[in-house]
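Readers should treat all values here as calculations from the given coordinates under stated rules, not as data from a laboratory. Note that the structure is predicted; figures quoted are calculated from it, not measured. We place every Cβ from the backbone using ideal geometry, glycine too, and count neighbours over all the protein chains shown.
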Amino acid sequence: NAGVTQTPKFQVLKTGQSMTLQCAQDMNHEYMSWYRQDPGMGLRLIHYSVGAGITDQGEVPNGYNVSRSTTEDFPLRLLSAAPSQTSVYFCASSFFGPYYGYTFGSGTRLTVV
Amino acid sequence: DAKTTQPNSMESNEEEPVHLPCNHSTISGTDYIHWYRQLPSQGPEYVIHGLTSNVNNRMASLAIAEDRKSSTLILHRATLRDAAVYYCILHRDDKIIFGKGTRLHILP
């Protein structure tokens with residue numbers, strides 16, 4: 001099993017550029033989510049999805065779009081990158097319900113210049 | 001979202017047990033207590049979770065107070081590889097919110 005796969009691992013963007021961070025899981029998990037982590041900080045929830053076709057906002061959704069067309073994939077789109085979006089982004093997945101633990105990807109380190 | 005309170009940092013000696021405390025006085029009856037850890041430059045890793053009873057797995061033990069207002073993650077014999085940030089989280093519904101966690105330093 002690959003688990004949760006995030007691509008790319010590193011990315012440098014110029015201000016105003018757009019890009020999509022990819023997240024894929026092969027565990028048939030209903031739940032997927034995106035977090036960002038800034039230096040010395042904890043993780044903040046951006047968006048999450050409880051199943052295909054269903055998404056919702058987390059703590060810091062502004063500047064990010066998501067969609068969930070399949071169970072396996074949950075891409076995160078930055079429409080117009082800003083330096084404030086420089087961060088490490090983590091994707092997570094789990095079966096739905098509070099009695100299941102999350103599996104995290106290894107992260108995407110994004111720098112916006 | 002229900003809040004948890006953890007010490008910012010703790011130190012422990014290698015090969016000794018470590019007890020990481022967490023207070024969650026506003027916990028509701030359906031909240032599960034989850035622990036994750038994040039090693040340097042890695043994504044968070046699930047450690048253990050429980051509802052009311054104490055739990056053991058290969059990584060750690062979770063001791064839950066009878067009133068469920070606090071819990072303790074126990075690493076039975078710390079190694080240098082256990083140096084990480086440990087997060088205590090209440091998982092109620094469809095999302096989990098991370099706090100700042102406890103940074104655990106292991107002294108050789």
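Which of the residues belonging to the stretch A:16-69 are within 13 Å of chain B (Cβ to nearest Cβ) and over 24 Å from A:GLY97 (Cβ atoms)? Matches in the stretch A:16-69: A:ARG36, A:GLN37, A:ASP38, A:PRO39, A:GLY40, A:MET41, A:VAL60.
If you go through the stretch B:79-108 and keep only what is of a type in the set (A, V, I, L, M) and surrounded by 19 or more Cβ atoms within 10 Å (Cβ to Cβ), you end up with B:ALA84, B:VAL85, B:ILE89, B:LEU90, B:ILE96, B:ILE97, B:LEU104, B:ILE106.
The set of residues in the stretch B:74-108 being away from chain A (no Cβ under 14 Å) and either of a type in the set (Ser, Thr, Tyr) or assigned to a helix (DSSP H, G or I) (or both) consists of B:THR79, B:LEU80, B:ARG81, B:ASP82. The residue of the stretch B:1-20 that is farthest from B:ALA83 (Cα to Cα), among those that are outside any loop (DSSP other than H, G, I, E, B) and polar (S, T, N, Q), is B:THR5. The number of residues in the stretch B:21-73 being more than 9 Å from chain A (Cβ to nearest Cβ), of a type in the set (A, V, I, L, M) and part of a loop (DSSP other than H, G, I, E, B) comes to 5.
Of all the residues that make up the stretch A:38-49, how many are more than 15 Å from A:LEU76 (Cα to Cα) and touching a strand residue (DSSP E or B) at 6+ places or on another chain (Cβ under 8 Å)? So the answer is 3. The set of residues from the stretch A:14-32 being part of a strand (DSSP E or B), farther than 13 Å from A:ARG77 by Cα and of a type in the set (Ser, Thr, Tyr) comprises just one member, A:TYR31.
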